[in-house]
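Trainee: Structure provided below as structure tokens; questions to follow.
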Amino acid sequence: MPEPISIQDFHDGAAGWRVFYDGGATAYSTGTFEAGARLVQALGGIRAGPDQHLDVDLRRDRVTVRLITRTEDFFGLTRADVDVANRISQVAHDLGFEEDPSDVQTVQVSIDAEAIAEVMPFWRAVLGYEFRDSDMEDVWDPRGRGAPFWFQEMDEPRPQRNRIHVDVSVATNEVARSRVEAALAAGGHVVTDRFAPMWWTLADSEGNEVDVTSLEARA
């Protein structure tokens, strides 16, 4: 099995990258689609290992790059991912682009379940998803477009509490705090900030919940 590294080790080794729920990532502001396409073409020469999943998302004025090592029994970051991240950065720098991971986020849907083994297959089937790293934790979109679904085991039901909530993973504690402030200004309220800055649980005016987190706080 690959040897994992810590969030802090990845941040220290790959400047300009940050860790999110789905691995290491960064973004490049390209200004135009054509400039982004040139960057994507250059990144096509990067050779990742057989277990490394390298995804590049080209949009109108930016390129987002995500990187994770994934095997049948492992989902995480390794030293090899640091090496690939640095090679990607060098290619981008040679073309005049700089990393801006603050522009990246991962949105995840979390479901509280008393019997994950009974609930997860339904969501896997209805969404057309696949198991990510086990059949008892989460499912993800093999097309790389939809939000992953993560399942949290409960001992008993929570009366008057949401059983499904959204998780928003952002690049830094600073970005997380700004998201919380914006959400509160937009009519939300704090359910708990007990674990801040690792995460805040917020809710809208009708009680629908969302967790805002930065893995920087867990490094």
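Trainee: Hey, with R₀ at 45 Å, roughly what FRET efficiency would L95 and S205 work out to, going by the Cβ-Cβ distance, to 0.05?
Mentor: About 0.45, to the nearest 0.05.
Trainee: Taking the Cα atoms of the chain alone, what are Rg (to one decimal) and Dmax (as a whole number) in Å?
Mentor: According to the Cα coordinates of the chain, Rg and Dmax are 18.3, 56 Å.
Trainee: While we're on this one: Of all DSSP beta bridges located in the chain, what percent are antiparallel, nearest 5? Write out the running numbers ahead of the final one.
Mentor: Working: 39 of 49 bridges.
Of the beta bridges lying entirely in the chain, close to 80 percent run antiparallel.
Trainee: How about region 45-85: which trypsin sites (Lys or Arg not before Pro) there are in a DSSP loop, with at most 14 other Cβ atoms within 10 Å of their Cβ? Don't skip to the end; give the middle numbers.
Mentor: Details: sites: R47, R59, R60, R62, R66, R70, R79; in loops: R47, R59, R60.
Sites meeting the loop and neighbour criteria: R47, R59, R60.
Trainee: Once amide H atoms are placed 1.01 Å from N in the peptide plane, what residues at a sequence separation of 5 or more from F20, or on another chain, have their amide H within under 5 Å of its amide H?
Mentor: Sorted by chain and number, the residues that satisfy this are A25.
Trainee: Quick one: Karplus J couplings for region 87-103, per residue in order, coefficients 6.51, -1.76, 1.60, θ = phi - 60°, nearest Hz, x for Gly and Pro?
Mentor: In residue order, the calculated couplings are 5, 4, 4, 5, 4, 5, 4, 4, 9, x, 9, 10, 5, 9, x, 5, 8 Hz.
Trainee: State the antiparallel share, in %, of DSSP beta bridges confined to region 105-218, rounding to the nearest 5.
Mentor: Antiparallel bridges make up about 65 percent of those DSSP assigns within region 105-218.
Trainee: Roughly how far apart, in whole Å, are the Cα centres of region 100-133 and region 1-73?
Mentor: 21
Trainee: Next question. Explain nothing, just compute: Karplus ³J(HN,Hα) = 6.51 cos²θ - 1.76 cosθ + 1.60, θ = phi - 60°, for every residue of region 40-49 in order, whole Hz, x for Gly and Pro.
Mentor: The phi angles translate into 4, 4, 5, 5, x, x, 6, 9, 9, x Hz.
Trainee: Can you give the extra length, in nm with one decimal, that the chain gains between Q8 and D51 once fully stretched, where that is 0.36 nm per residue apart less the Cα-Cα distance?
Mentor: So the chain would gain 13.3 nm between Q8 and D51.
Just so you know, all these numbers are worked out from the coordinates, no wet-lab data involved. Because the structure is a prediction, the values reported are computed rather than measured. Heads up, the Cβs are rebuilt from the backbone with ideal geometry, glycines too, and the neighbour counts pull from every protein chain shown.
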